[in-house]
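Accompanying notes for the structure given below.
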Amino acid sequence: MKYDFDTPIDRSGTYSLKWDVKENELPMWVADMDFKTAPQVIEAIEKRAAHGVFGYTIIPDEWYSAYTSWWQRRHGLEMDKARLIFCTGVVPAISSLVRKLTTPAERVLIQTPVYNIFFNSIVNNGRQVLEAPLSYKNGSYSIDWDDLELKLSDPQTTLMILCNPHNPIGKIWDKQELAKIGELCKQNHVTVISDEIHCDLTDPGKEYVPFAGASEACKEISITCIAPTKAFNLAGIQTAAVYAPNPRLYNKAVRTLNTDEIAEPNAFAINAAIAAFDNGEDWLDELREYIYSNKLAVKSFVEKSLPQITLVPSEATYLLWLDCSSITLDGSSLADFIRRETGLFLSSGELYGDCGKSFLRLNIACPRSRLDDGLDRLLKGIKSLTDS
């Protein structure tokens, strides 16, 4: 490989949310990679920092071109740059859009188990969470279409937040599935916010379908949230975008993002995004290969050493979803036990909805040596529990 993903990076003393743990603990929870970002991005940030003046920043044409050319080249979606809006992050954008697109007490539909912050974006804005749980059979997930259609038909359901690809299960929704979601939402006058922040982290040979590109209906009823932050490990830079092809939804998005003051970039946000999309393609492809090899290592380890756990097949993201129901139905207590016994810090599946209670989420975006350490700790914790 041209790029080094094997050398561990010491993140202590950097005010890292992920690594703000006890000395003997190994955090493999929050969606934050332990790799340095692409050298091309580092170079762009260093060049900007060397200038030494960090005043207000505009959104240049190069930023729009970086996004539109990337989505055309990588994902086959032609985006109109006039419908693209800078924002400081996908989560702030989702929360802001929930406030603008719904009224208090209306229902916002999510497909659980799903990214836990969706719950916060809904509840903190005085709206109601409406769960449409995914169907889980034989270790894999699918959409329960009857349940989804029923809940979308509720007049109080006015918004759906889609996770595409899906976190935490690593599922890539295909074009037919997305088009069917779009048609159901259009029939029931439901707007869709599609969170596509993990879209560039598919397995090699796998491709995601942008919701706005699945059908004309999907394009007209949706607002898409995208960013280089997950793929290039830039969460702390606060750089993202919102894409709204529909002029009415675009105007609503512009107004709410500006009203909430999340449409103005910091001094590094523009340069980092441009460098990532214009120059980071080779680095990203090697990263995807490395993460995929980590997935294979986890699969082999679980099959050989932890047959009590079912590893849900993953096609995207660097987050793995572990079914621990043969050990316990209380994943939260299991996560706490493993952390106390071994120092391994995993996410409890209950965070992602009640249907995730017996699951754990594992972040594998780290050097292989760190992953091996984590798997050994996981084995130690499970053996300690089951042997007691």
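The values are calculated or read from the model by the stated rules, or taken from the named source; none is laboratory data. What you see is a predicted model, and the numbers here were worked out from it, not measured in a lab. For neighbour counting, all protein chains shown are included, and Cβ atoms are generated from backbone atoms with ideal geometry for every residue, glycine included. To get the accessible areas, we keep the full protein, side chains included, count just its heavy atoms, and leave off ligands, DNA and RNA. Shrake-Rupley method; radii C 1.70, N 1.55, O 1.52, S 1.80 Å.
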Can you check what the net charge comes to around Gln156, using other residues whose Cβ is under 15 Å from the Cβ of Gln156 (Lys, Arg +1; Asp, Glu -1)? 0
With the alpha-carbon atoms as the only input, what is the per residue convex hull volume for region 161-257 in Å³? 100 Å³
Limiting things to C-alpha atoms, what are the Rg and the maximum Cα-Cα separation (Dmax) for region 254-328, in angstroms? 19.7, 54
So what's region 1-81 giving for Rg/Rh, alpha carbon basis, Kirkwood Rh from the mean inverse pair distance? 1.06
Can you pull the one-decimal nm distance between simple spin-label points at Glu25 and Arg368, each 7 Å off the Cα toward Cβ? 2.9 nm
Once neighbouring chains are kept in place and the probe is 1.4 Å, which whole percent of the accessible area of region 321-388 is contributed by carbon and sulfur? 45 percent
Taking alpha-carbon centroids only, region 236-262 lies from region 142-216 a number of Å equal to 20 Å
Counting sequence-distant residues (5 or more places) and residues on other chains, those with an amide H built under 5 Å from that of Tyr115 are Asn167
What's the Cα-based Rg to Rh of region 36-172, Rh via Kirkwood? 1.06
Placing +1 at every Lys and Arg Cβ and -1 at every Asp and Glu Cβ, with all other atoms neutral, what dipole size does region 64-218 have around its Cα centre, in debye to the nearest 20? 400 debye
Would you calculate the separation in nanometres between label points at Asp144 and Glu220, each defined as 7 Å from the Cα along the Cα-to-beta-carbon direction? 3.1 nm
Suppose every K and R has +1 on its Cβ and every D and E has -1 on its Cβ; what is the size of the dipole of the chain about the Cα centre, in Debye to the nearest 20? 400 debye
In debye to the nearest 20, the charge dipole size for region 218-279, taken about the Cα centre with +1 at each Lys and Arg Cβ and -1 at each Asp and Glu Cβ, equals 220 debye
For Glu207 and Asp285, calculate 0.36 nm times their separation in residues minus their Cα-Cα distance, and state this gained length in nm to one decimal. 26.8 nm
As a percent rounded to 5, the proportion of antiparallel DSSP bridges among beta bridges in the chain is 50 percent
Taking amide hydrogens as modeled 1.01 Å from N in the peptide plane, which residues meet the under 5 Å criterion relative to Ala240, leaving out close sequence neighbours? Cys87, Gly89
Classify region 200-300: rounded, prolate or oblate, from the alpha-carbon gyration tensor (a ≥ b ≥ c, eigenvalue square roots; a/c under 1.5 rounded; otherwise prolate if a/b is larger than b/c)? oblate
Helix-derived [θ] at 222 nm for the chain: sum -39500 (n - 2.57) over DSSP H runs of at least 4, divide by residue count, nearest 500? -12500 deg cm²/dmol
For the chain: accessible area per residue (Å², 1.4 Å): 43 Å²
Under the classification rounded if a/c is under 1.5, otherwise prolate if a/b is larger than b/c and oblate if not, where does region 188-238 fall, given a ≥ b ≥ c as square roots of the Cα gyration tensor eigenvalues? oblate
The chain: longest stretch without exposed trypsin sites (Lys or Arg not before Pro) (DSSP loop, at most 10 other Cβ within 10 Å), sites themselves excluded? 23-388
Calculated from backbone phi, Karplus (6.51, -1.76, 1.60) coupling profile of region 107-124 in Hz, x at Gly/Pro: 9, 10, 8, 9, 9, 8, x, 8, 2, 5, 5, 4, 4, 4, 4, 7, 5, 5
Give the separation of the Cα centroids, region 60-118 to region 8-36, in Å. 28 Å
Averaged over all directions, how much area does the convex hull of the C-alpha atoms of region 77-132 cover when projected, in nm²? 4.9 nm²
The longest stretch of the chain containing none of the chymotrypsin sites (Phe, Trp or Tyr not before Pro) that sit in a DSSP loop with at most 14 other Cβ atoms within 10 Å is 57-388
For the chain, I need the span (max minus min coordinate) of the C-alpha atoms along each principal axis, in Å, sorted largest to smallest. 61, 56, 36
Between Asp336 and Ala82, what's the calculated FRET efficiency when r is the beta-carbon distance and R0 is 56 Å? Round to 0.05. 0.65
